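Below is one structure, written out as structure tokens; comments come after it.
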Amino acid sequence: MRQILMILILGLFTIGEISAQDFKRINYQLDFGTTLTIPYKSTIEIWPEIDKHPHTDYSPNFGYFLEVMISYNLNRKYSINTGLNYNYTALGISDKIGLFENKGNLTNSYLTFPVLIKCRLSNKLPISISTGPYLSLLISANEKGTTYIDTAGFIFDDPDPLLESIEPIQKYNTDVKKNYSAIDYGISLQLDYDIKLSQRLNGVVLTRFNYGLKNVLTNDLVNNSSANDWKNYNFMIGFGVKL
């Protein structure tokens, strides 16, 4: 957190010096699009020396985001952007624990407050790059999918009504919010391309990478997410309208 504050303070100081004699203006922007979440770890194994040992595989998956941003223009080249972002992320998850296999999605939703320092790279091309810290508050965390049970693997001398009654395919939907920290933070890097939509309306195509710096797990997850540390990485690709 100290590194994030230092980057922000130094960035504001530098831009303030550059733009001391230029105009200032406030603009508003509405952005929406898709989020591609990258797993912090692709596979987690427990007791690999044991046959059919527990392991969990993670894969990228798509979510979505919606945000309202305020742009404070320091001059024609530099600005500071901040606002409120709702980010719904998803990861594909596959668990293998003995005769049980879970396949589904791990989803998280965050309310995020980014502070981005934006620089226009060229006067001829409408391309800008932004960077800065973000702070996220966890809204929900959920794991949903299907459990496949190899009932043929149950071996018993005498018939057991309890085991025989187990359905080989079962749905699950588990609230796992208690396993995650309420706060996340990191660094964002964004690339914008402005588009002229009409005489009074401008749009922007944006791509942003959020690099999480905080371990968001509050405890070891032995079952469906057998990790002892986890950071959030995701790409955001979307479109915005400048108001």
Next item on the list: Quote to one decimal, in nm, the extra length available between LEU197 and LEU243 on full extension: 0.36 nm per residue of separation minus the C-alpha distance between them.
Entry: 15.4 nm
Next item on the list: Return the subset of LYS177/LYS231; LYS177/LYS242; LYS171/LYS214; LYS41/LYS118; LYS118/LYS177; LYS103/LYS177 for which the Cα-Cα distance in this structure is over 25 Å, preserving the input order.
Entry: LYS177/LYS242; LYS171/LYS214; LYS41/LYS118; LYS118/LYS177
Next item on the list: Sort ILE80, ILE93 from largest to smallest accessible area, using a 1.4 Å probe on the heavy atoms of the protein chains.
Entry: ILE80, ILE93
Margin query: Ignoring ligands, DNA and RNA, please state the percent of accessible area on segment 24-123 from carbon and sulfur, probe 1.4 Å.
Written below: 60
Next item on the list: Kindly provide the trypsin sites (Lys or Arg not before Pro) of segment 99-151 that DSSP labels as loop, not H, G, I, E or B, and whose Cβ sees at most 14 other Cβ atoms within 10 Å.
Entry: LYS124
Margin query: What figure, in Å² to the nearest 10, do you get for the accessible area of SER59 with a 1.4 Å probe and non-protein molecules left out?
Written below: 50
Checklist line | segment 25-140, accessible area per residue, ligands and nucleic acids excluded (1.4 Å, Å²) | finding: 50
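The values are calculated or read from the model by the stated rules, or taken from the named source; none is laboratory data. Computed from a prediction, not measured in an experiment: that's the story for all the values here. Positions of Cβ are backbone-derived with ideal geometry, glycine not excepted, and every protein chain shown enters the neighbour counts. The protein model used for the area step is the full one, side chains on, heavy atoms only, and it has no ligands, DNA or RNA in it. Shrake-Rupley method; radii C 1.70, N 1.55, O 1.52, S 1.80 Å.
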